[in-house]
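Here is the structure we will look at.
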Amino acid sequence: MSETTDKEKKPPLNGRRALPSNNSNDEENEVPEMEAFGLIPRGFNPKDYLRVVDIHMFKEPHEINKQQHHTDKYYNPKLIVRRGQSFQIQVDFNRPYNPERDQFWLEYLIGRYPQQNKGTYIPILVRDVLKPGEWGAKITHKENNSIRLSIMSSATCIIGKFRLYVAVLTPFGILRTHRNAATDTYILFNPWCQQDAVYLDDEKEREEYVLNDVGIVFHGNINDIKLRSWSYGQFEENILDACLFLMDKAELELSGRGNPIKICRVASAVINSRDDNGVIAGSWDNTYTNGVPPSAWTGSVDILLEYYSSKQPVRYGQCWVFAGVFNTFLRCLGIPARLITNYSSAHDNNANLQLDFFLDDEGKVDTTTTKDSVWNYHCWNEAWMTRPDLPVGFGGWQVVDGTPQETSDGMYRCGPASVQAIKHGHVCFQFDAPFVYAEVNSDIVYLRRAKNGTQVIENIDTTHVGQLIVTKEVGRDGMMEITEEYKFQEGSEEERLALETAVMYGVKKQTIQDTSYQPQTDVDMEFQVQKAVLGSDFKVTITFRNKSRNTYTATTYLSGNIVFYTGVIKNEFKKHSFSAKLEPYSSNAFDVVIKSSEYMSDLLDQASFHFFVTARINETGKILATQKATVLEIPALRIKTQGAMVAGKEMSVTVEFTNPLKQTLENVTLRLEGPGVLRTMKKEFRQIPMNSTLIWEIKCIPNRPGLRKLIASLNCDALRHVYGELNVQIQKP
């Protein structure tokens, strides 16, 4: 009976491999404290031999290891070092160490089935000299019964939490230290080490892309850029363990965890909950039952900790939430990363570099047949690494995207795709470059079905998509434009060449016969939307410029739609048509007024509108078409502090908000967080009457000195995306 229970405990083997897969950093194996070479003679006493009494890891934030390895900010009591760089430990023996007759070595183990050839079992002998970027140890100091060791880890070493043993050789067997969790050592990527695949040579960039624990998310739209802060919190308590758990969840073999390409690829799948029960469940339909609305989150910490404890997807996220959490994961493990916003981002359902908008006979967009959409903006991440799997020149920034849009190799994931390859049209190089290329380069084509069923092209807009690509500035909170990293100047010879290259490598692009498409070139039409605060009236001004000697009349149609930020239409709230007379060689402007009563009842959480304007020139039958997204101004939260701000001393923070709407706000939730100052606080308010002001005061004790950021959000059904932030300088005690 006992035999069968023993067998059941063993993991099931399969016929292909002698050992089960080793893909959990959490699991351990039993390591014998006495490994005998044969029969042990009766008089053997282990105490006669060299014995380890204690091991000092120098793991406090102010001590040498964490200082030299830039890991002093991690709120974690264990030793955390970066690979390819030496660190110090001290071993105390029961008597002075004598190299003539004593032999000992160190063993680092990770996972349940450690194997030397897989890099999961690492024995380290003491040598006279350390080779850079290779495992080794040397004695730097001897005093009484103690020795100080300098240990070098490999620059390609697995990223994760290793167990440490010290082994001593005796004539009859190997004596080991017992399992001691206090000596566990985390090893991370090292952007400061030239041999590491993630090496970044600029110190200011390393401080921003690895060590900065707050960032900026740019949102809104191309005509009205908005920004908000996001707390990455990669150094907060338990976040490092939560990030290592994500690799376990994705079942990434431990032996593959030294490779940033593999880590990014599996992480882009596990960040979203589609097909693998990953971290965040997306919701784009404006209903967020049993969850937190995406706009309410102020940072990644709550999301990662909830997932780490519940192991169930956290509800809900949209693109900037996926990107914010992904950025935390990458920076926490030591991969330089930044959050990117692409304004007017194409979501092209059939990747033909063409977004098809179908018009009906009146020139209105037909929402039933139009399947493609332009997102006002879309956020993804870039991670910095070499790409030894690609030809030279495609390393550096790589696009990775955790938002589930399309499947890649059967799972919802995207990247890493080389930014350089996307710019030059070399979309044949893995992973998912054609999809990203389409997001920043698609054309918008307006088509009309003629009476005989054929599709007539009425208008083509080659410049609308991917107009602006931005990220946060290094060392400051401003915006840095990086559009030219992704594409050449519109209309330049290089841009044409990149497009031809992309088409050659299999990006589908339909060629448009010149005969079928002859646009009206002697009349220009554009429109402007007046900036407006949520709840007020505003106007749309449509301007025609007739550059010919002919007089034209234009039947003009304006359609105002309330849209999700993904460009998907919820409903049309404004229809307006008029006839415009266009005199030769002149400009004419026409105003259309939009009243707040027309849009307030149906507004969605990003207060986004999308206007289509189409005009038919009656004399020629040609159609002019253009579209634009616009976002209303949303009032901000005000944050204030009182009294001295000193680490370890209580301080007071106040959040204020005035309701600007002509209605009472109900079931309002406020959130406030600031890494190093306070953990996330939440407060619910039943209602805020119109024009009244809410005041919330809290006390907190900051634990980290330096320049920190407080970030707040307000959320209720009638009003979302209300943010506030404040920089605070916390003094040393």
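The values are calculated or read from the model by the stated rules, or taken from the named source; none is laboratory data. Since this is a predicted model, take the numbers as computed values, not measurements. Cβ: placed from backbone, ideal geometry, glycine included. Neighbour counts: every protein chain shown. We work out accessible area using only protein heavy atoms, side chains counted, and drop any ligands, DNA or RNA first. Shrake-Rupley method; radii C 1.70, N 1.55, O 1.52, S 1.80 Å.
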Assuming Ser536 fulfils every condition listed in (1) small (Gly, Ala, Ser); (2) open to solvent by 30 Å² or more (accessible area, probe 1.4 Å); (3) closer than 30 Å to Thr620 by Cα apart from one, which condition is it? (3)
Odd one out for Met681, checked against (1) over 19 Å from Lys649 (Cβ atoms); (2) surrounded by fewer than 22 Cβ atoms within 10 Å (Cβ to Cβ): (1)
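Residues that are of a type in the set (D, E, K, R) and open to solvent by 40 Å² or more (accessible area, probe 1.4 Å): does region 428-449 have at least one?
yes
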Over region 589-611, the set of residues modelled with pLDDT of 85 or more and either of a type in the set (A, V, I, L, M, F, W, C) or open to solvent by less than 40 Å² (accessible area, probe 1.4 Å) (or both) is Ala589, Phe590, Val592, Val593, Ile594, Ser596, Tyr599, Phe609, His610, Phe611
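Residue by residue, here is whether (1) assigned to a loop (DSSP other than H, G, I, E, B); (2) touching a residue at least 40 places away in the same chain (Cβ under 8 Å); (3) surrounded by fewer than 23 Cβ atoms within 10 Å (Cβ to Cβ); (4) basic (Lys, Arg) holds:
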| position | (1), (2), (3), (4) |
| --- | --- |
| Trp192 | yes, yes, yes, no |
| Val210 | no, yes, no, no |
| Lys226 | no, yes, yes, yes |
| Ile261 | no, yes, yes, no |
| Arg274 | yes, yes, yes, yes |
| Trp284 | yes, yes, yes, no |
For the structure I just gave you, tell me whether Ala647 is open to solvent by less than 20 Å² (accessible area, probe 1.4 Å), among the small types (Gly, Ala, Ser) and touching a Pro at 6+ places or on another chain (Cβ under 9 Å). yes
When (1) touching a strand residue (DSSP E or B) at 6+ places or on another chain (Cβ under 6 Å); (2) surrounded by fewer than 24 Cβ atoms within 10 Å (Cβ to Cβ); (3) assigned to a helix (DSSP H, G or I); (4) of a type outside the set (Ser, Thr, Tyr) are applied to Ala323, the one that fails is (2)
Does at least one position in region 482-489 carry a residue that is touching a helix residue (DSSP H, G or I) at 6+ places or on another chain (Cβ under 6 Å), open to solvent by less than 10 Å² (accessible area, probe 1.4 Å) and without any contact (Cβ under 8 Å) to a residue 24 or more places away in the chain? no
All positions within region 648-693 that are assigned to a strand (DSSP E or B) and over 33 Å from the mean Cα position of the chain (by Cα): Arg686, Gln687, Ile688, Thr693
Out of all the residues in region 542-579, which are among the β-branched types (Val, Ile, Thr) and either surrounded by 21 or more Cβ atoms within 10 Å (Cβ to Cβ) or within 38 Å of the chain's Cα centre (by Cα) (or both)? Ile542, Thr556, Ile562, Val563, Thr566, Val568, Ile569
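Per-residue answers, yes or no, for (1) open to solvent by 70 Å² or more (accessible area, probe 1.4 Å); (2) under 48 Å from the mean Cα position of the chain (by Cα); (3) at pLDDT below 90:
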position: Glu3; (1), (2), (3): yes, no, yes
position: Lys9; (1), (2), (3): yes, yes, yes
position: Asn14; (1), (2), (3): yes, yes, yes
position: Ser21; (1), (2), (3): no, yes, yes
position: Glu30; (1), (2), (3): yes, yes, no
position: Gly38; (1), (2), (3): no, no, yes
position: Asn45; (1), (2), (3): no, no, yes
Are any of the residues in region 78-86 at pLDDT 95 or above and open to solvent by 80 Å² or more (accessible area, probe 1.4 Å)? no
Quick one: what pairs do we get from region 370-398, first residue under 30 Å from Val445 (Cα atoms), second assigned to a loop (DSSP other than H, G, I, E, B) and open to solvent by 40 Å² or more (accessible area, probe 1.4 Å), C-beta under 6 Å, 6+ apart or different chains? Lys371/Asn349; Asp372/Asn349; Ser373/Val568
Condition test on Val436, is it in a loop (DSSP other than H, G, I, E, B), of a type outside the set (S, T, N, Q) and within 26 Å of the chain's Cα centre (by Cα)? no
Filter result (over 17 Å from the mean Cα position of the chain (by Cα) and closer than 19 Å to Leu672 by Cβ) within region 297-338: Glu306
Every residue in region 100-120 that is part of a loop (DSSP other than H, G, I, E, B) and open to solvent by 10 Å² or more (accessible area, probe 1.4 Å), please. Glu100, Arg101, Asp102, Gln103, Arg112, Tyr113, Pro114, Gln115, Gly119
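Any chance region 701-708 includes a residue that's in the same structural domain as Thr658 (by the TED database), farther than 17 Å from Ser231 by Cα and over 28 Å from the mean Cα position of the chain (by Cα)?
Checked region 701-708: at least one residue is in the same structural domain as Thr658 (by the TED database), farther than 17 Å from Ser231 by Cα and over 28 Å from the mean Cα position of the chain (by Cα).
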Please work out which one of (1) without any contact (Cβ under 8 Å) to a residue 24 or more places away in the chain; (2) open to solvent by less than 30 Å² (accessible area, probe 1.4 Å) is the condition Gln68 fails and give its number. (2)
With the condition kept exactly as written, say whether any residue in region 408-415 is of a type outside the set (Gly, Ala, Ser), in the same structural domain as Trp375 (by the TED database) and outside any loop (DSSP other than H, G, I, E, B). yes
With the condition kept exactly as written, say whether any residue in region 358-377 is within 30 Å of Leu211 (Cα to Cα) and either open to solvent by 20 Å² or more (accessible area, probe 1.4 Å) or assigned to a loop (DSSP other than H, G, I, E, B) (or both). no
Is there a residue in region 380-398 that is buried (at least 20 other Cβ atoms within 10 Å of the Cβ) and closer than 27 Å to Asn715 by Cβ? yes
Exactly one condition in (1) open to solvent by 10 Å² or more (accessible area, probe 1.4 Å); (2) farther than 30 Å from Leu19 by Cα; (3) within 16 Å of the chain's Cα centre (by Cα) is not met by Thr341; state its number. (1)
Check Ser283, Ser229, Ser300 and return the single one that is of a type in the set (S, T, N, Q), in contact with a helix residue (DSSP H, G or I) (Cβ under 9 Å, 6 or more places away or on another chain) and at pLDDT 95 or above. Ser300
Exactly one of Tyr97, Tyr74 is assigned to a loop (DSSP other than H, G, I, E, B), closer than 30 Å to Cys243 by Cβ and touching a Leu at 6+ places or on another chain (Cβ under 9 Å), and that residue is Tyr74
Looking only at region 335-342, decide whether some residue is within 30 Å of Val456 (Cα to Cα) and of a type in the set (Gly, Ala, Ser). no
Are any residues in region 47-60 at pLDDT below 95, open to solvent by 50 Å² or more (accessible area, probe 1.4 Å) and not basic (Lys, Arg), and if so, which ones? Asp48, Tyr49
With open to solvent by 30 Å² or more (accessible area, probe 1.4 Å) and in the same structural domain as Pro99 (by the TED database) as the only criterion, which of Leu175, Leu164, Leu125, Leu149 stands out? Leu125
